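Working notes, structure below.
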Amino acid sequence: MTAPTTKVSKPTPMGARLWASILLFGLIGQLSWVVENVYFSTFIQKQITTDAWATSATVAASAICAALATFFGGALSDRLGKRKPFVCFGYIAWGIITASFAMFSTNAISVENGSSVVAIVSLFVVMDCVMTLVGSLANDAAFSAWISDNTDITNRGFTDTILSILPVAALIIVMIGLGWITDAGNWTAFFLLIGGVTTATGIIGIFLFKDSKTLKPDHSGHYLKDVVYGFRPSTIKNNKMVYVCYIGMMFSALSMQLWQPQMIMLIQYTVGLENFVPPLGIVVVLSAVSAALLGKLMDKHGKDKFFIPLVVSGVIGGLLVYLIKFIGANFATRFIIFCIGGTLVETASLVAAGVFIAAARDYIPKGKSGRFQGVKIIIYVTLPMVLASLISPFIIKGFGEIVTAESALLTNGSGYKLGDYIYPFEMFLFAAVSALMMIVPALIVKKHYKPFREEKLKAMTKSQQNND
């Protein structure tokens, strides 16, 4: 007799409306985060002050606000049984606040106009905190939980892999498509444009976005207990695999954080490919296409078959780029090896995000997705950023060469200053080590996931039979 699971042979159809909502809110949310995570620091350094405390204060305060918003907002959206108001009205407010940063690029608030640096930075940090609270509530808490509500075990691999590609797409759009605006110093237009697009997305969502019909209010516990639900020992004990998936995601994110923030400088002045656009473009396109295809395959054949290969891909890719150090000055060889190694690293990162996040969604109890979003933010976003900020300086100072007065880097516009450490190839080596650390959670999830998937598919087949 044929096993019931064979009847669930195709991913559950999601429909054009659902995909339009995923792509629109996913991409525009990432565009806004690129501005907050990358361009706010650049703006402060170019327009207000180069003192490190200003940038550090903005990053630290923003990280705290993001975590708080996700904890409280995720639990509240579970409790109310609604995601749409948080997402749509959140995006509208998010865009308005982003656009309001344009006032910092006028003479209304500026050092030249007599305002003190401390006062300007303080106001900037407060506004950034408000923007982060709203953005995290809308995107990290409500939108991410909404994805769990509207997908299932048969289509989450592809969905989450596509979502993992969107941050890269957003970075390329902003850097290449909009970079000329900031290069010209027109920050007013930049903030107004990004803010306007984000607000427009929220308005469109009022008519496009729909909550899952299966999402119901959950008043089973006290709200404050729901906020800390993901950190309660009983929750961890009963949902161990969710946390194992999050740890796998953490090592994948750390692997990228060890080199990606310095990506352009590494390509140009470490790898020696001065025109970074062609090799970076090849890596991004090949990685995105590969990840999308693998996302489809993991839904068809099961996520358990992809955990180990993605670890191998990340390790081999990092090692390949590191080995360019010993090749010499052959441009063609360096170009080819970087494209191959970089594609393996980037594909591994995108697929790891897709497979671990999708598997975590599969394990999360129904109706409690919002409660886990704060945990995910801490483990997947905050921890890798903190660890990378601690590890990277040791790698750079331990292996990087010091820029001297005779160095050509001082005269070719690299941005390096006398006494700086040149980013070393070892950043890719340690990225490979971090990718290798994924092997433990990958093996655990691989062992557990196949029977879990079979059980889920049997339940879906039974439900389909009952409906028929």
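The values are calculated or read from the model by the stated rules, or taken from the named source; none is laboratory data. Given the structure is predicted, the values throughout are model-derived calculations rather than measurements. All Cβ positions, even for glycine, are placed from backbone atoms using ideal geometry, and neighbour counts span all protein chains on display.
When both residues are 6+ apart or on different chains and their Cβ atoms are under 6 Å apart, which pairs have a first residue that lies in segment 184-205 and is on the phi < 0 side of the Ramachandran plot, and a second that is at pLDDT 95 or above and small (Gly, Ala, Ser)?
Here the result reads Gly195/Gly95; Thr198/Gly95; Thr199/Gly95, each pair linking segment 184-205 to a residue that is at pLDDT 95 or above and small (Gly, Ala, Ser).
If I go through segment 194-205 residue by residue, how many of them are surrounded by fewer than 18 Cβ atoms within 10 Å (Cβ to Cβ) and either more than 17 Å from Gln30 (Cβ to Cβ) or modelled with pLDDT under 95 (or both)?
Total satisfying the criteria: 1.
Suppose we filter Phe251, Phe307, Phe338 for residues that are over 25 Å from Ile378 (Cβ atoms) and modelled with pLDDT of 90 or more; which single one remains? Talk me through it step by step, then tell me what you get.
On the way: Phe251 fails: over 25 Å from Ile378 (Cβ atoms); Phe307 fails: over 25 Å from Ile378 (Cβ atoms).
Just one listed residue meets the conditions, Phe338.
Any chance you could count how many residues in segment 224-258 are under 21 Å from Ala66 (Cα atoms) and not in a helix (DSSP H, G or I)?
Looking only at that region, the number is 2.
In segment 144-205, which helices (runs of 4 or more DSSP H) lie fully inside it and hold 2 or more residues that are in contact with a Gly (Cβ under 6 Å, 6 or more places away or on another chain)?
Passing ranges, in order: 156-172.
As an exercise: evaluate Ser110 against (1) in a helix (DSSP H, G or I); (2) at pLDDT below 70; (3) in contact with a helix residue (DSSP H, G or I) (Cβ under 8 Å, 6 or more places away or on another chain); (4) not aromatic (Phe, Trp, Tyr) and give the number of the one condition it does not meet.
With (1) in a helix (DSSP H, G or I); (2) at pLDDT below 70; (3) in contact with a helix residue (DSSP H, G or I) (Cβ under 8 Å, 6 or more places away or on another chain); (4) not aromatic (Phe, Trp, Tyr) applied to Ser110, the lone miss is (1).
For segment 258-281, enumerate the residues that are within 22 Å of the chain's Cα centre (by Cα) and buried (at least 21 other Cβ atoms within 10 Å of the Cβ).
Hits for segment 258-281 are Leu258, Trp259, Leu266, Ile267, Leu280.
Quick check: anything in segment 304-318 in the same structural domain as Leu383 (by TED's automatic domain parsing), assigned to a helix (DSSP H, G or I) and aromatic (Phe, Trp, Tyr)?
yes
Filter segment 116-133 for residues that are part of a helix (DSSP H, G or I) and among the hydroxyl-bearing types (Ser, Thr, Tyr) and give the result.
Across segment 116-133, the qualifying residues are Ser122, Thr132.
Out of all the residues in segment 191-203, is one or more among the β-branched types (Val, Ile, Thr), farther than 30 Å from Pro424 by Cβ and not assigned by TED's automatic domain parsing to the domain that holds Phe89?
no
Within segment 6-40, can you find the residues that are modelled with pLDDT under 70 and either assigned to a helix (DSSP H, G or I) or touching an Asp or Glu at 6+ places or on another chain (Cβ under 9 Å) (or both)?
Thr6, Lys7
Show the residue pairs meeting these rules: Cβ distance below 6 Å; 6+ apart or different chains; first residue within segment 263-290 and aromatic (Phe, Trp, Tyr); second residue surrounded by fewer than 16 Cβ atoms within 10 Å (Cβ to Cβ) and in a helix (DSSP H, G or I).
Within 6 Å, the pairs are Phe276/Ile264.
Please work out if Leu208 is touching a Lys or Arg at 6+ places or on another chain (Cβ under 9 Å) and surrounded by 14 or more Cβ atoms within 10 Å (Cβ to Cβ).
Here the answer is yes, as Leu208 does meet what is asked.
Go through (1) modelled with pLDDT of 90 or more; (2) in the same structural domain as Leu80 (by TED's automatic domain parsing) one by one and return the number of the condition Ile176 breaks.
Unmet for Ile176, out of (1) modelled with pLDDT of 90 or more; (2) in the same structural domain as Leu80 (by TED's automatic domain parsing): (1).
Looking only at segment 343-384, how many residues end up being touching a Cys at 6+ places or on another chain (Cβ under 6 Å) and surrounded by fewer than 24 Cβ atoms within 10 Å (Cβ to Cβ)?
Counting residues in segment 343-384 that are touching a Cys at 6+ places or on another chain (Cβ under 6 Å) and surrounded by fewer than 24 Cβ atoms within 10 Å (Cβ to Cβ) gives 0.
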